[in-house]
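The values are calculated or read from the model by the stated rules, or taken from the named source; none is laboratory data. Just so it is clear, the structure is predicted and the values come from calculations on it, not from any experiment. Here the Cβ positions follow ideal geometry from the backbone for every residue, glycine too, while neighbour counts run over all protein chains shown.
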Amino acid sequence: MTPVMLTEQELDEIYTFAVQLGKDAGKMLLEAAQLRFTGTQTADLEVEEKDSSVDIVTKTDEDVEAFIKSSIEAKYPHHKFIGEETYSKGASRSYLVSETTPSWCVDPLDGTVNYTHLFPMFCVSIGFIVAGRPTIGVVYAPFLNQLFTSCRGRGAWLNETQRLPLIRNPIPPMPADAPSGCVFSCEWGKDRKDRPDGNLYRKVESFVNMAAEVGGRGGKGGMVHGIRSLGSATMDLAYTAMGAFDIWWEGGCWEWDVAAGVAILQEAGGLVTSANPPKDIETAEIQEVKLGSRLYLAIRPAGPSKTETGREGQERTVREVWRRVKALEYARPGA
């Protein structure tokens, strides 16, 4: 089937709708959080485990997703809807994002653990996908009053007024010795199996490699400025688009975790490729990652230096990260 393409006017209308939808859904999140301050929303304190004790859902997740889904279905009944809570209740997650039907990919509350602890890094994440590519992204963190938005060809924005990345005149190049001099963002993830060669151990080894002194760890020491973990993949990507993070490396995410963030980062000028190092790191082509891969390495927007273009600096950084990280294993059930 031929992908459904949209006119510029249609895309503008969808973008306006998506931004308002994100604001309205974020208001629901904030109101639910504020009710918890007074102890009047006791039902929302009850959490249900999904795959593990760190993979949880609250009534707020479900209520906000129901609101977003019904709003989209009323406005765009022919669009596909992919929502975290809808698909978590299904028997399989083996689907891929449609290449032919315009699709909404939604996480109603990214950072549910943060929300339950009232740690402010939680948000609503709304991505719109055309021909398999993230085209519109809306990420709203209401506790922080931070609204990240983007539409392909129209720029990426913070609170609709500040273009991303924030430092623009000029946009800084990647550090010459990257990852040294970079802020590295990562997540522990939901796979906490205590296996010496499992994902948890591979992540820990990778984190230590990135943090260790240059020349340490058998030459793998990255000496990054710092390691940050926000507890929300979407927020990680938004902060990378902002330029606050230089690198984000993660495995295990589903489409709803990253669709909006990838749209925002790419429109800001960032690069998103695979987390896992290829066999030949030096010569492998660095390709744009497809949603559904579950393995992501993101590099912030970068300007040129005296010796390389911004893209060359991003790709150099990708290869240096690949040299220091372990390959992760996150299969798609049924795929």
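Would you pick out the residues in the stretch 182-213 that are of a type in the set (A, V, I, L, M, F, W, C), more than 22 Å from Val113 (Cα to Cα) and surrounded by fewer than 17 Cβ atoms within 10 Å (Cβ to Cβ)? Walk me through how you get there before you give the answer.
Kept after step one, since they are of a type in the set (A, V, I, L, M, F, W, C), are these residues of the stretch 182-213: 182-184, 186, 188, 200, 204, 207-208, 210-212.
Within this subset, residues satisfying the condition of being more than 22 Å from Val113 (Cα to Cα) are 182-183, 208, 210-212.
Within the stretch 182-213, Val208 is the sole residue that qualifies.
Might you let me know whether the stretch 20-32 holds any residue that is out of contact with any Asp or Glu (no Cβ under 8 Å at 6 or more places or on another chain), under 20 Å from Gly231 (Cα atoms) and modelled with pLDDT under 95?
Yes, the stretch 20-32 has at least one match.
Got a number for residues in the stretch 158-181 being under 13 Å from Pro301 (Cα atoms), touching a strand residue (DSSP E or B) at 6+ places or on another chain (Cβ under 8 Å) and either among the charged types (D, E, K, R) or buried (at least 17 other Cβ atoms within 10 Å of the Cβ) (or both)? Please lay out each step first, then the result.
Start the filter on the stretch 158-181 by keeping residues that are under 13 Å from Pro301 (Cα atoms), which leaves 163-175.
Of the ones still in play, those that are also touching a strand residue (DSSP E or B) at 6+ places or on another chain (Cβ under 8 Å) are 163-164, 166, 174.
Add one more test, that the residue is either among the charged types (D, E, K, R) or buried (at least 17 other Cβ atoms within 10 Å of the Cβ) (or both), and what stays is 163-164, 174.
Result for the stretch 158-181: 3.
Do any strands (runs of 3 or more DSSP E) lying entirely in the stretch 110-190 carry at least 2 residues that are of a type in the set (Ser, Thr, Tyr), and which ones are they?
Values: elements: 123-130, 133-141, 146-151, 156-158, 183-186.
Those strands (runs of 3 or more DSSP E) span 133-141, 146-151.
Inspect the stretch 40-51 for any residue being among the hydroxyl-bearing types (Ser, Thr, Tyr), assigned to a helix (DSSP H, G or I) and at pLDDT below 90 and give the result as yes or no.
Step one: of the stretch 40-51, the residues among the hydroxyl-bearing types (Ser, Thr, Tyr) are 40, 42.
The next check asks that each one be assigned to a helix (DSSP H, G or I); those that pass are none.
The answer is no; no qualifying residue exists.
Mind listing whichever residues of the stretch 196-223 are in a helix (DSSP H, G or I) and charged (D, E, K, R)?
Quick first cut of the stretch 196-223, residues in a helix (DSSP H, G or I) only: 199-211, 216-219.
Passing the criteria: Arg202, Lys203, Glu205, Arg217.
Do you know which of the residues in the stretch 139-148 that are within 14 Å of Met28 (Cβ to Cβ) and crowded, with 22+ Cβ neighbours inside 10 Å is farthest from the chain's Cα centre (by Cα)? Write out each step before concluding.
Pass one, the stretch 139-148, residues within 14 Å of Met28 (Cβ to Cβ): 140-143.
In the following step, the residues that additionally are crowded, with 22+ Cβ neighbours inside 10 Å were identified as 140-142.
Details: Tyr140: 13, Ala141: 13, Pro142: 17 Å.
The selected residue is Pro142.
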